[in-house]
Structure formats: structure tokens, C-alpha cells
Amino acid sequence: MEYDGIGDLIMTTPADSKPSLPPHRTVRVDLGPRAYDVVIGRGIRKNLKTYLDALGLFGPIAVVTDANVYKFYNVEIADISSRADDDSLKTVCLDPGEKTKELKSFDAVFQDYAFVQSALAKWRIPRSGIVIAHGGGVIGDLAGFVAATYLRGINFVQVPTTLLAMVDSSVGGKTGVNLPEGKNLVGAFHQPKLVVADLDTLATLPAREFSAGMAEVIKYGAIRDKALFDRVSKPVKPDDQDLDEIVEKCVTIKARIVERDEFETKGERALLNFGHTIGHAIEKATEY
Ligand code: GLY
């Protein structure tokens, strides 16, 4: 049986049999040949192997993560594909947080980039291989750029662990690294094959980072969805029952915009930079 995506996998589960996957929400990012699903739920990262198999992604896996995420999830990282035993799952662990992209010098950022590329080459990851970004937006951007350029482009999967990455950077295929001259000057559009947003990982997220994600959520409400805006005008916590619905709404808004303007040539996707551009300018001017 052929599957177009994770949604189909659920739909084809016979009604009288137990679904093999835990409850989750799926948003399709419909980009024709580059279409993919964003799967949103709790505990779903443990089903990554099932998802990859459903998509026909059987190649060796290289997980790119950072020390913070690794500290909490290293056992799971080794588990996610159930392939650790056959030596086809490797992990490369970088310094955490913004340091990976911003506070390091330009040379150091490219050293990280080259380090991951060399690791892939050393492990002889083939074109059928899969780069999995397991972390926040910085890891996603870097790992995505590696996936976009290693062997001129290999499979890429996002497993975001911050709210901001779940509702914004893991969706839409923007990848890259920063230059001293400005943010995101070097990069590529490289869509993931799958995004797995497991809300349980937000339990270990520092409050400040959760708030940064909420600012983005409020922005989606402000630009597109009054009901969402009204909901997030009240406090939201990582363990709230309706957080999956909130994330689904944001991802759906972003998906529809990306579908209409994938390469940011028509002006509509630039709407998503609302707030980012001024933020980047302030960071640059103040060397924040
Ligand atoms: N973060 C803005 C975009 O993906 O277009």
C-alpha cells in the first residue's frame, strides 16, 4: 500500500482495529511534489519510526541536536528509529541555543556547518539518508541547510522542541545560517519530508522560550484568526489541553501562506516576517 502522508496512514487504519498511532492532529502543507505533513500531538515523537516507514524513508539517519536537548532526550534520540542496533542512526550534538547560530563568529558558525557535513560524509550517509533536526529553530535552520546542501540535497525531517520552532521555523522550508552582515543571508529553501511537533517536549522548555513562542502565536492570531487571538489573550501553559489546537491553528495559517508564496516572491509570505525584521534590526544595531 502506498501512503501520501501521515494523514493517509490514519485514514487507512481499519475502523475495527486499534489505531497504531496515538491521537494527533495533522496539517498538510500542500506544495505538490514537496508536500508534507506536520503532525502535532503529545508523546508522538516515539512513533517517528512508524511515520518514516509510512513515508518510505528507510535510509540511514543522522540526528542533529544540541546539548540541552540531548541532555533530556538522548535515550529517546537513540530510540527514535529503533535502528540504533544496526548502526544506521548517528547523532551529532552541537553547542546549545543561539550560540550555535548567532553569538559565535561567522567562522565558528561555518565550522559547525562543516562539522556536521563532515560527520555525514564520514558516516557515508547516502542520498537516501535522512537528516533529523531535533531541537529549536537554530538547530532546524542549520540542520536544514546541511540537508539542503549535502550531496546536493537529502531528506530532511524536523522534530522541533520549542514552541517557536513548532509554529514557525520548522514549517515552510527556510534553512540557513547568519552572516555578521545580517540574518539569514545564506541559505536555501529545502522543505522537510515531515514535521513532528510533540508538545510534551515543551515541558522542559525554559519559561522565557515558551513566551517567545507565544509571541509568535499571538502574531498569527493578530494577522489571521480573531478566535485564536481571543484565546491566547488569556494565559496559555505548556500542559494546557487545547495547546494542540492552538499549534494546529498557527501551523495551518502558516501552511496556507507558504502554499501561496513558497519562495517569498509574491509578498504574502513576507507578512510572516512581521515583527522579525524590526527585531533583527534592533539586535544588529544594539549588538544584542
Ligand atoms: N519565519 C518566516 C517564514 O518562514 O517565512
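The values are calculated or read from the model by the stated rules, or taken from the named source; none is laboratory data. This is a predicted model, so every value here is computed, not measured. Glycine gets a Cβ as well: all are built from the backbone with ideal geometry, and neighbour counts include every protein chain shown. Remember, those area values only see protein heavy atoms, side chains included, never the ligands or the DNA or RNA. Shrake-Rupley method; radii C 1.70, N 1.55, O 1.52, S 1.80 Å.
Some points to look at:
- Residues of region 25-61 classified as surrounded by 18 or more Cβ atoms within 10 Å (Cβ to Cβ), β-branched (Val, Ile, Thr) and farther than 25 Å from residue 174 by Cβ, total: 0
- Of all residues in region 174-187, those satisfying the criterion of being more than 13 Å from the ligand (Cβ to nearest atom) and either open to solvent by less than 50 Å² (accessible area, probe 1.4 Å) or in contact (Cβ under 8 Å) with a residue 60 or more places away in the chain (or both) are 177, 178, 179, 180, 182, 186.
- All of (1) within 12 Å of the ligand (Cβ to nearest atom); (2) at pLDDT 95 or above hold for residue 270 with one exception: (2).
- Conditions (1) modelled with pLDDT under 95; (2) under 29 Å from residue 33 (Cα atoms): number failed by residue 181: (2)
- Close Cβ contacts (under 9 Å, 6 or more residues apart or on different chains) running from residues in region 247-267 that are within 11 Å of the ligand (Cβ to nearest atom) to residues that are assigned to a helix (DSSP H, G or I) and among the basic types (Lys, Arg) comprise 257/224; 257/269; 258/269; 261/269; 262/34; 262/269; 263/269.
- Within region 101-133, restricting attention to residues that are among the hydrophobic types (A, V, I, L, M, F, W, C) and at pLDDT below 90, the residue that is surrounded by the fewest Cβ atoms within 10 Å (Cβ to Cβ) is 103.
- Residues (touching a Lys or Arg at 6+ places or on another chain (Cβ under 9 Å) and either away from the ligand (no atom under 15 Å from the Cβ) or outside any loop (DSSP other than H, G, I, E, B) (or both)) located in region 162-173: 167, 168
- Test: residue in region 156-171 that is among the small types (Gly, Ala, Ser), over 20 Å from residue 273 (Cβ atoms) and touching a helix residue (DSSP H, G or I) at 6+ places or on another chain (Cβ under 8 Å): no
- Hits in region 135-152 - residues which are in contact (Cβ under 8 Å) with a residue 60 or more places away in the chain and open to solvent by 10 Å² or more (accessible area, probe 1.4 Å): 136, 138
- Residues in region 207-227 that are away from the ligand (no atom under 13 Å from the Cβ) and crowded, with 20+ Cβ neighbours inside 10 Å: 217, 221.
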